[in-house]
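The values are calculated or read from the model by the stated rules, or taken from the named source; none is laboratory data. All figures in this text were calculated on a predicted structure; none of them were measured in a lab. Here the Cβ positions follow ideal geometry from the backbone for every residue, glycine too, while neighbour counts run over all protein chains shown. Ligands, DNA and RNA are stripped out before the accessible areas are found, and what is left, the full protein with its side chains, is counted by its heavy atoms. Shrake-Rupley method; radii C 1.70, N 1.55, O 1.52, S 1.80 Å.
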Amino acid sequence: MTITNTAFERSPDGGQGMARDMRVRWALEEVGQPYGVRLLSFKAMKEPAHLALHPFGQIPTYQEGDLALFESGAIVFHIAERHAGLLPDDANARARAITWMFAALNTVEPPIVDREVAEYLEDETWYEQRLPFIDERIRKRLGELSGRLGNADWLDGAFSAGDLLMVTVLRRLEGSGILEEYPNLSAYVARGKARPAYKRAFVAQLAVFTAAPTA
């Protein structure tokens, strides 16, 4: 059965791989599973056909036969459980990798997304007032993460789905200057982006943007 991932017809990030379908693409590339992509306009995302797959009208969704999933973390977890390569065989190491998946999405990502929302959706005066407090929260999390990672290549031994999600979360800070304050985290993200599976996923999603007509 062919796996189908949904993605933006024209990504707001300019094809830089920040949209969450990139997480699913990368996971599928890591485990060597072929997949198709269904592109959606913002209008189509709010129509009944897509809402039947994703009740919140977002991307990505994952379809394989009768199975339909939404939420990038849940999809990556499903891929990691079904195919070898993203979760360790040892039960304790596996549990720790899953813990890092949750940490990436529940602990590290929220203040980073708050920064994006403030930047793009709030008026300039309110944004300028809030930004120092948001950045303080982000730096607190990055400091804790940096201390835990130390000089290791990955969060807990070998590369896992926890690293995949954490790297995609940290990438959302690119261009802010904050990530560069933590050299080991910058190097960690660079290692993730250097993986062949990441490169294949990035090229595939970028091709969608470059092929799309200019609005």
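Quick check on the stretch 206-213. Is at least one of its residues in contact (Cβ under 8 Å) with a residue 12 or more places away in the chain and surrounded by fewer than 13 Cβ atoms within 10 Å (Cβ to Cβ)? Within the stretch 206-213 (the criterion being in contact (Cβ under 8 Å) with a residue 12 or more places away in the chain and surrounded by fewer than 13 Cβ atoms within 10 Å (Cβ to Cβ)), the answer is yes, since at least one residue qualifies. Within the stretch 95-113, residues that are more than 17 Å from Leu149 (Cα to Cα) have Cβ atoms under 6 Å from residues that are assigned to a helix (DSSP H, G or I) and among the basic types (Lys, Arg) in these pairs: Pro111/Arg137, counting only partners at least 6 apart in sequence or on another chain. Among the residues of this structure, Ala19 does not count as one that is over 26 Å from Val117 (Cα atoms) and outside any strand (DSSP E or B).
Just to be sure, is Val76 under 21 Å from Gln205 (Cα atoms) and in a strand (DSSP E or B)? Against the criterion (under 21 Å from Gln205 (Cα atoms) and in a strand (DSSP E or B)), Val76 does not qualify. Could you please find all residues in the stretch 52-82 being at positive phi and either open to solvent by 30 Å² or more (accessible area, probe 1.4 Å) or touching a residue at least 24 places away in the same chain (Cβ under 8 Å) (or both)? Listed by number, the residues that qualify are Gly65, Glu71. In the stretch 83-117, the qualifying residues are those that are acidic (Asp, Glu) and open to solvent by 40 Å² or more (accessible area, probe 1.4 Å), and the one that is farthest from His50 (Cα to Cα) is Asp90. Taking the conditions (1) at pLDDT 95 or above; (2) within 19 Å of the chain's Cα centre (by Cα); (3) open to solvent by less than 40 Å² (accessible area, probe 1.4 Å) in turn, Arg191 satisfies each one other than (3). Looking at the structure I just gave you, is Arg96 among the charged types (D, E, K, R), in contact with an Asp or Glu (Cβ under 7 Å, 6 or more places away or on another chain) and either modelled with pLDDT of 95 or more or in a helix (DSSP H, G or I) (or both)? Judged against the criteria, Arg96 is a match.
Taken together, Val113, Val167, Val208 contain a single residue that is within 17 Å of the chain's Cα centre (by Cα) and more than 19 Å from Arg96 (Cβ to Cβ), which is Val113.
When you scan the stretch 28-48, how many residues do you find that are touching a residue at least 40 places away in the same chain (Cβ under 8 Å) and either more than 13 Å from Ala204 (Cα to Cα) or over 17 Å from the mean Cα position of the chain (by Cα) (or both)? Qualifying residue count for the region: 5.
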